[in-house]
Amino acid sequence: MIEVTKLTKKYGDFLAVNNISFNVKQGEILGFLGPNGAGKTTTMRIIAGYMPPTAGTTKVAGYDVFEEPIKVKSQIGYLPENSPLYGHMTVKDYLLFMAEIKGVAKAQRKSRLNEALHKCWLEDVQDRLVSHLSKGYKQRVGIAQALIHDPPVLILDEPTIGLDPKQIIQVRNMIRSLKGDHTIILSTHILPEVSMTCDRIVIINKGQVVAMDTPEALSKRLKGTEKIYLQVMGAVDKICARLGTIKGVLNVSTHQDGIIVENDGQADIRPYLAEIIVKNKWKLLEMRSVGMSLEEIFLQLTTVEKTQITQKGQEAQQEVRR
Ligand SMILES: Nc1ncnc2c1ncn2[C@@H]1O[C@H](COP(=O)(O)OP(=O)(O)O)[C@@H](O)[C@H]1O
Ligand SMILES: [Mg+2]
């Protein structure tokens, strides 16, 4: 449905996107993951036809984005990074206005409006002023305007940025519910977001693709790196030594006022940790998983790509990370 081939974008001399290629199949949700400045917005703007590439091609539903821009725009709904909304309009009027701009025939606007309100869970607020809505609702209005002309493809640039945790879950679930009817690319710089929402992940860093896989396969490749943070009252040396004997634990270290247990990720070791701590009458104050930072993931992925996933390779990576 979307074919990006050897796409490159330079801003002056600065190479923001460097020869990237990937495809998105019909009905798929593709996560575009990368830290700030990786080139996500640049790539998405090119796919949506808002900016020409320096080199390479992009096709949507078989149409070349720059040879047939009008056909492509009818196929795409785009939520830009900072979605511009008209605060003085009601949700309903704003969406009707966007339907008109996007060329939806007058006779169909009402039914398109109702469908967009329904899909984005906005029915209850349709008569409210956009400026009076919470950020989570505003973001859903942004997504509703992207799909008001019923495009098969949705391009959502950081749809959950700036939302609180509850709103993030709502927007994520809403995006998942659009799956099937739409082919979706969504960008984010948050790792759990793509694992939860997406069928496939493209990871980019400094304008280049560093990995492309399913969330399951990626997490398998990243295995050996799960970390658990513990705060325990007791003799730290003794505790560390004992926890180090648990099957699957690779390393135990102290960190500020807590302990970090690194394990191979084969099994959830938290129940064993808790059991041993309680048995020894140490006092467990806190226990949580420590997600890997994106930087750690990139370091690992780029090392993995170069060294293959051999035992030696993993040891070498761990050396690098220390
Ligand atoms: N219009 C522009 N002119 C010059 N540099 C830009 C422009 N837009 C983005 N950049 C630079 O290109 C790189 C990629 O930016 P962007 O695509 O916005 O990344 P992301 O969305 O992943 O954060 C960044 O280093 C950014 O500073
Ligand atoms: Mg961006």
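Summary table
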item: Heavy-atom surface of the range 2-216, accessible at 1.4 Å and reported per residue (Å²); result: 45
item: Anchor residue 59: aspartates and glutamates whose Cα lies under 12 Å away (excluding residues fewer than 8 positions away in-chain); result: 3, 67, 68
item: For the range 98-109, 3J(HN,Hα) per residue [Karplus equation, 6.51 cos²θ - 1.76 cosθ + 1.60, θ = phi - 60°, Hz, x = Gly/Pro]; result: 5, 4, 5, 4, 7, x, 6, 4, 3, 5, 9, 4
item: All lysines inside 17 Å of residue 281 as judged from Cα atoms, apart from same-chain residues fewer than 8 positions distant; result: 238
item: The range 174-240: radius of gyration over Cα atoms, expressed as a fraction of 2.2 N^0.38 Å; result: 1.63
item: Whole-percent carbon and sulfur share, accessible surface of the chain, 1.4 Å; result: 52
item: Positive minus negative residues near residue 99 (Lys, Arg vs Asp, Glu; Cβ under 12 Å); result: +2
item: Mean separation of Cα contacts under 8 Å (6+ apart) over length of the chain, as relative contact order %; result: 18
item: For the range 190-250 versus the range 83-133, the gap between their alpha-carbon centres in whole angstrom; result: 41
item: 29 Å Cα-Cα threshold exceeded, pairs from 73/119; 138/227; 179/227; 40/166; 71/206; 135/283; result: 138/227; 179/227; 71/206; 135/283
item: Against the rule of thumb 2.2 N^0.38 Å, how large the Cα Rg of the range 122-266 comes out; result: 1.44
item: Nearest 10 degrees, 0 to 90: helix 135-146 Cα axis against the chain principal axis; result: 50
item: Compactness of the range 226-290, expressed as Rg and Dmax over alpha-carbon positions, Å; result: 10.3, 28
item: In degrees, nearest ten, helix 294-307 long axis to first principal axis of the chain (Cα); result: 80
item: Spatially proximal lysines relative to residue 106 (Cα-Cα < 17 Å; intrachain offsets below 8 disregarded); result: 92
item: In Hz, Karplus ³J(HN,Hα) per residue of the range 45-51 (6.51, -1.76, 1.60; θ = phi - 60°; x = Gly, Pro); result: 5, 5, 4, 6, x, 8, 7
item: If the convex hull is drawn through the Cα atoms of the chain, its volume per residue in Å³; result: 162
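The values are calculated or read from the model by the stated rules, or taken from the named source; none is laboratory data. Since the structure is predicted, the reported quantities are computational estimates derived from the model, not experimental observations. Please note: Cβ atoms are built from the backbone with ideal geometry, for glycine as well, and neighbour counts cover all protein chains shown. Remember, those area values only see protein heavy atoms, side chains included, never the ligands or the DNA or RNA. Shrake-Rupley method; radii C 1.70, N 1.55, O 1.52, S 1.80 Å.
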